[in-house]
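Novice: The following block contains the structure, expressed as structure tokens.
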Amino acid sequence: MGTHHPTAIIGAGLGGLALALGLARAGREVHVYEQASELGEVGAGISLSPNAVKALRYLGLGDAVSAQADEPPIQITRHFETGEVLVHIDRASTEEKLGAPYLQMHRADLHQLLTKAYLKINPGGITLAAELTDIIEADDTYQLSFNNGEHCSTDLLIGADGLKSTVRRLVFAEDEAEFTGYVAWRGLVPTEEVAELELKAGSSVFVSPGRIFVRYPVRKGKIQNVVAFSKADNWAAEGWSQTGKLSTLQTLFSDFHPEVNTVLAAFKGAEIHKWGLFARQPLKQWIKTHAAVLGDAAHPMLPWFGQGAATALEDAVIMSRCLLEFEDTQKALQHYQDGRLERVTEVHLESHRGGDTLMGQDPYALAKNPLRTEDTLGLTVYDPSTVAL
Ligand SMILES: Cc1cc2nc3c(=O)[nH]c(=O)nc-3n(C[C@H](O)[C@H](O)[C@H](O)COP(=O)(O)OP(=O)(O)OC[C@H]3O[C@@H](n4cnc5c(N)ncnc54)[C@H](O)[C@@H]3O)c2cc1C
């Protein structure tokens, strides 16, 4: 003992950066290692439910996020063919009801806000092109090895390295991520390309058994974010994410409402990515004496509740608060796990069930039997900045 080694966060995604910022703001020594050679995020939108916005406010980014994000007044769920409105959610008074607004923005903008805020406090606090490949536990430290030949020691190792987490595999569990049978297609299209539709603010969701099409504006209405979900029997070894073919997507959704097909047609030439959606069973233990996982590394969940990044941000805030409040690291980690495991496991399991229900039934049944969602389950009232530790 004796030598002090900074906290090492593996992964500069939304969760890892949020934790780095939370700790750096309080003067704690921290360093982030990221496998990618450039910082960035996928070209897609993100929905930030009030619990996520409260986490961002804790991190000092409330105003910056509000300045860039769109605030959808409504979310409507429509029949895929007829366009009939099946479910109408009023989001205009969300701040009043839940203590923060429901926001939507470009993922890259959010990632950049977190990166800039963190590097302002800790310039040089991210090492890029550093893929963690090995971990050796020695006394009270972990020795980390990276594919660029670098090594370092840390008193506290945080795995924020996403769905395919190396920290999870080497320190916690060797479970395999499984293909869920769902494929997500994502892309962005300038609103002016679909001017004839006179699209209104807010989210629009078209549902059919087996397929879902979601659209909402980002960058103050200038861009339409599109996410479409379909099913597939398998996802071959082509990779987890790949460029999708517009013609395939158009064929899959050709029987959808004309609005959907007009938006898809506007993609000509624009990039569309497709992801096989993979999941894992909830992890029973997120902490070891000097290590922990957060975000997708701990609880990769399906996107039906839009709570993956939201819970990663919550984790980061609770972990920051615990490490700042309890000097003893083990005690801090125990409080982190006690505060998070039950809630997030519930969100994780519910979100998996949610997709099967949404994708599996006659859309008209939705109007009569509203789904259990992040809203109806009351998940978004949670405030990670004030909840008791
Ligand atoms: C279609 C779709 C839509 C979604 N929409 C929403 C939404 O609207 N709202 C919401 O809250 N959530 C949403 N999510 C979920 C959300 O995207 C994720 O839960 C969230 O990004 C997880 O953040 P993270 O920081 O834990 O992991 P990631 O964002 O995956 O970041 C992990 C980082 O670790 C790095 N890394 C990995 N391995 C290593 C290694 N060995 N060494 C070093 N670095 C490494 C990666 O390069 C990456 O930068 C959606 C997901 C999908 C698929």
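Novice: For segment 51-75, name all the residues that are within 16 Å of the ligand (Cβ to nearest atom), surrounded by fewer than 19 Cβ atoms within 10 Å (Cβ to Cβ) and more than 17 Å from Ala309 (Cβ to Cβ).
Specialist: Matches in segment 51-75: Glu71 only.
Novice: Now for a separate question. Which is touching a Leu at 6+ places or on another chain (Cβ under 6 Å) and not aromatic (Phe, Trp, Tyr), of Leu119, Leu128, Leu103, Leu110? So that I can check it myself, show each step before the final result.
Specialist: Numbers: Leu119 fails: touching a Leu at 6+ places or on another chain (Cβ under 6 Å); Leu128 fails: touching a Leu at 6+ places or on another chain (Cβ under 6 Å); Leu110 fails: touching a Leu at 6+ places or on another chain (Cβ under 6 Å).
Only one candidate passes the filter, namely Leu103.
Novice: Inside segment 97-140, can you point out the residues that are more than 20 Å from the chain's Cα centre (by Cα), part of a loop (DSSP other than H, G, I, E, B) and of a type in the set (A, V, I, L, M)?
Specialist: Leu128, Ala129, Ala130
Novice: Among the residues of segment 69-115, which ones are modelled with pLDDT under 95 and among the small types (Gly, Ala, Ser)?
Specialist: Answer for segment 69-115, where residues must be modelled with pLDDT under 95 and among the small types (Gly, Ala, Ser): Ala92, Ser93.
Novice: Looking only at segment 149-168, which residues are modelled with pLDDT of 95 or more and within 12 Å of the ligand (Cβ to nearest atom)?
Specialist: Going through segment 149-168, the residues modelled with pLDDT of 95 or more turn out to be 149-162, 165-168.
Selection gives Glu150, Leu157, Ile158, Gly159, Ala160, Asp161, Gly162, Ser165, Thr166, Val167, Arg168.
Novice: Cβ-Cβ below 9 Å, separation at least six or inter-chain, first residue in segment 247-270 and buried (at least 18 other Cβ atoms within 10 Å of the Cβ), second of a type in the set (Phe, Trp, Tyr) and part of a loop (DSSP other than H, G, I, E, B): which pairs?
Specialist: Short answer, once both residue conditions are applied: Leu249/Phe267; Phe253/Phe80; Phe256/Phe80; His257/Phe80; Val260/Phe80; Val260/Phe253; Leu264/Phe253; Leu264/Phe256.
Novice: Considering Gly295, Gly339, Gly308, which residue is on the phi > 0 side of the Ramachandran plot and modelled with pLDDT of 95 or more?
Specialist: Working: Gly339 fails: on the phi > 0 side of the Ramachandran plot; Gly308 fails: on the phi > 0 side of the Ramachandran plot.
On inspection, the qualifying residue turns out to be Gly295.
Novice: Moving to a separate point now. Please go through segment 195-250 and pick out each residue that is closer than 15 Å to Met359 by Cα, outside any loop (DSSP other than H, G, I, E, B) and aliphatic (A, V, I, L, M).
Specialist: The answer is Val205, Val207, Ile212, Val214, Val227, Ala228.
The values are calculated or read from the model by the stated rules, or taken from the named source; none is laboratory data. Please read all numbers here as calculations on a predicted model, not as lab measurements. Every residue, glycine as well, gets a Cβ built from its backbone with ideal geometry; the counts of neighbours run over all protein chains shown.
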